[in-house]
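Asker: Structure provided below as structure tokens; questions to follow.
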Amino acid sequence: MLVKMKEILDRACKENYAVAAANVYTELNARAFVEAAEELNAPLILNYKVGCHPDTDDIIKICLDLAKKSKVPIAVNLDHGDSKEMVLSGIRAGVTGVMIDKSSKPFEENVKETKKVVEIAHTVGVSVEAELGHVGVADNYVVDGKSALTKVEDAVRFVELTDVDCLAVAIGTAHGAYPKGMKPEIDFERLASLRKALPELPLVLHGSSGTDIEDIRKVCSMGI
Ligand code: CO
């Protein structure tokens with residue numbers, strides 16, 4: 001069934017488990033994710049980033065249809081929206097969650113842009129994810145790895161000011177494939193502090209692909 005992203009994440013947060021957000025590129029990989037979620041009887045987020053398919057509306061429609069027909073709860077999320085316009089195009093296409101990513105901007109600007117999206121999205125019942133600190137790219141891990149980790153006091157202020165439904169945090173992972181022989185170093189202490197400061201807010205981990213399965217398990221038990 002198609003559900004709001006908040007519905008899936010609030011329950012996961014309360015019961016302390018994580019939900020996979022799988023990156024959709026084609027109808028076939030979307031179908032495979034849904035089949036796997038059904039096999040495991042697990043909720044799922046179908047994550048779509050503009051540009052990963054030639055036609056955003058078409059691929060979102062496929063995701064929505066698959067979600068509606070599924071027996072497990074599925075949210076369709078617009079990943080890494082870089083502007084209010086992009087987020088709106090996703091909302092118009094029918095997604096049940098959006099990410100507004102202004103994490104590379106200064107704090108105040110991130111707050112301002114996120115707030116605008118929250119106001120619009122919440123009016124039409126769509127959940128919002130934002131990012132604070134910045135999750136960089138694994139290819140550039142030496143520089144990106146620890147340069148913009150999420151500060152706990154900033155996260156608390158950000159959530160108060162924006163009313164986001166979930167927050168992507170930078171705790172040492174990065175997007176994509178890490179250089180050969182390199183592994184991400186996760187700041188578990190920071191994650192524990194974030195969880196303590198924001199006990200009811202679902203926290204989101206980006207850049208999980210190249211991370212050890214044991215580390216993934218651990219962060220999933222700590223609020224991700
Ligand atoms: Co990401």
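Asker: Which one of Glu109, Glu38 is part of a helix (DSSP H, G or I), within 19 Å of Val19 (Cα to Cα) and open to solvent by 10 Å² or more (accessible area, probe 1.4 Å)?
Answerer: When all the criteria are applied, what remains is Glu38.
Asker: Considering each of Val126, Val118 in turn, give the residue that is surrounded by fewer than 24 Cβ atoms within 10 Å (Cβ to Cβ) and more than 16 Å from the ligand (Cβ to nearest atom).
Answerer: None of the other options fit; the residue is Val118.
Asker: Here is a check on your reading of the model: is Val50 within 16 Å of the ligand (Cβ to nearest atom) and surrounded by fewer than 24 Cβ atoms within 10 Å (Cβ to Cβ)?
Answerer: Spelling it out, Val50 is indeed within 16 Å of the ligand (Cβ to nearest atom) and surrounded by fewer than 24 Cβ atoms within 10 Å (Cβ to Cβ).
Asker: Determine whether His175 is open to solvent by 30 Å² or more (accessible area, probe 1.4 Å), in contact with a strand residue (DSSP E or B) (Cβ under 7 Å, 6 or more places away or on another chain) and closer than 22 Å to Asn23 by Cα.
Answerer: Yes, satisfied.
Asker: Go through (1) crowded, with 18+ Cβ neighbours inside 10 Å; (2) at pLDDT below 95 one by one and return the number of the condition Lys180 breaks.
Answerer: With respect to (1) crowded, with 18+ Cβ neighbours inside 10 Å; (2) at pLDDT below 95, Lys180 is out only on (1).
Asker: Can you name the residue in the stretch 81-106 that is open to solvent by 30 Å² or more (accessible area, probe 1.4 Å) and not in a loop (DSSP other than H, G, I, E, B) and, of all such residues, is nearest to Thr150 (Cα to Cα)?
Answerer: By that ranking, first place goes to Lys84.
Asker: What's the number of the condition Ala121 fails, among (1) within 28 Å of Gly210 (Cα to Cα); (2) at pLDDT 95 or above; (3) in a helix (DSSP H, G or I); (4) among the aliphatic types (A, V, I, L, M)?
Answerer: All conditions are met except number (1).
Asker: Next question. Give me the residue from the stretch 1-35 that is more than 26 Å from Ala197 (Cα to Cα) and β-branched (Val, Ile, Thr) and, out of that set, surrounded by the fewest Cβ atoms within 10 Å (Cβ to Cβ).
Answerer: My answer is Thr26.
Asker: From the list Asp187, Asp154, which one is acidic (Asp, Glu) and touching a Phe, Trp or Tyr at 6+ places or on another chain (Cβ under 8 Å)?
Answerer: Asp154
Asker: Among the residues of the stretch 164-187, are any more than 16 Å from the ligand (Cβ to nearest atom) and assigned to a helix (DSSP H, G or I)?
Answerer: No, the conditions are met nowhere in the stretch 164-187.
The values are calculated or read from the model by the stated rules, or taken from the named source; none is laboratory data. Remember, predicted model here, so these are calculated numbers, not experimental data. Cβ coordinates were reconstructed from backbone atoms using ideal geometry, including for glycine residues, and neighbour counts include every protein chain displayed. Just the protein is used for accessible areas: all its heavy atoms, side chains included, with ligands, DNA and RNA removed. Shrake-Rupley method; radii C 1.70, N 1.55, O 1.52, S 1.80 Å.
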